[in-house]
Amino acid sequence: NLASTYQALGRLDQAMCLRREAYAGGLKLFGEEDNNVLSAANNYAKSLLTLKRSEEAKALLRKTMPVARRVLREEHRITLKMRWNYALALCCDPSATLDDVSEGVSTLEDAGRIARRVLGGAHPTTEGIENALRDAGAALAARE
């Protein structure tokens, strides 16, 4: 889609704006419980993270993750990706506290266990979560 093309071209602000519009439009038309709306929320959050806007990403994911957990359940790929992005928002924020990084590691550990069980160890989502867990664990160890 166009947002992905903008992202690939390095036009990150434009990609984020399109993803925000897709999420807002879907939310208005289909409501917060629609699979595509939840996916759009996750894509928007990922764009915010790419732009280092972790506070906004955390706020969005805090609002949408409970809906994804209730509607899609813990095992759904979108829910797992939301949790992955939330953990990244916690750990990659320059103002992150030790508690934030610790919460991020715990979130990745739990999401990683679920992803491995449901998707398998070779799935890209599982591998991404496990790679993020290694990085977050190293960041946590460096802070302790």
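Accessible area per residue for the chain is 53 Å², calculated with a 1.4 Å probe on protein heavy atoms, without ligands, DNA or RNA.
Helix 77-92 against the longest principal axis of the chain: what's the angle in degrees, Cα atoms only, rounded to the nearest 10? Here the helix axis deviates by roughly 60 degrees. For the residues LEU49, LEU98, LEU90, a GNM of the chain with alpha-carbon springs under 10 Å puts the largest fluctuation on LEU98. Helical runs assigned H by DSSP (4 residues or longer) give the chain a calculated mean residue ellipticity at 222 nm of -27500 deg cm²/dmol, each run adding -39500 (n - 2.57) before division by the residue total. The alpha carbon centroids of segment 75-128 and segment 2-31 are separated by 23 Å. Computing the accessible area with a 1.4 Å probe over protein heavy atoms, can you report the carbon and sulfur percentage for segment 40-144? Of all accessible area on segment 40-144, carbon and sulfur atoms account for 51 percent. For segment 64-144, the Cβ-based charge dipole about the Cα centre amounts to some 460 debye (Lys, Arg positive; Asp, Glu negative; other atoms uncharged).
Rounded to the nearest whole angstrom, the semi-axes of the ellipsoid equivalent to segment 40-108, taken from the Cα gyration tensor as √(5λ), stand at 19, 14, 9, largest first.
Summarising the label geometry, the points placed 7 Å from Cα in the beta-carbon direction at ARG113 and CYS17 lie 4.4 nm from one another.
If a/c stays under 1.5 just call it rounded; otherwise compare a/b with b/c (prolate if a/b is bigger, oblate if not). Do that for segment 1-119, with a ≥ b ≥ c from the square roots of the Cα gyration tensor eigenvalues. Since a/c reaches 1.5 but b/c is at least a/b, the shape of segment 1-119 is classed as oblate.
The values are calculated or read from the model by the stated rules, or taken from the named source; none is laboratory data. Just so it is clear, the structure is predicted and the values come from calculations on it, not from any experiment. Backbone-built Cβ (ideal geometry, glycine too); neighbour counts: all protein chains shown. Keep in mind that these areas ignore ligands, DNA and RNA; they rest on the heavy atoms of the full protein, side chains included. Shrake-Rupley method; radii C 1.70, N 1.55, O 1.52, S 1.80 Å.
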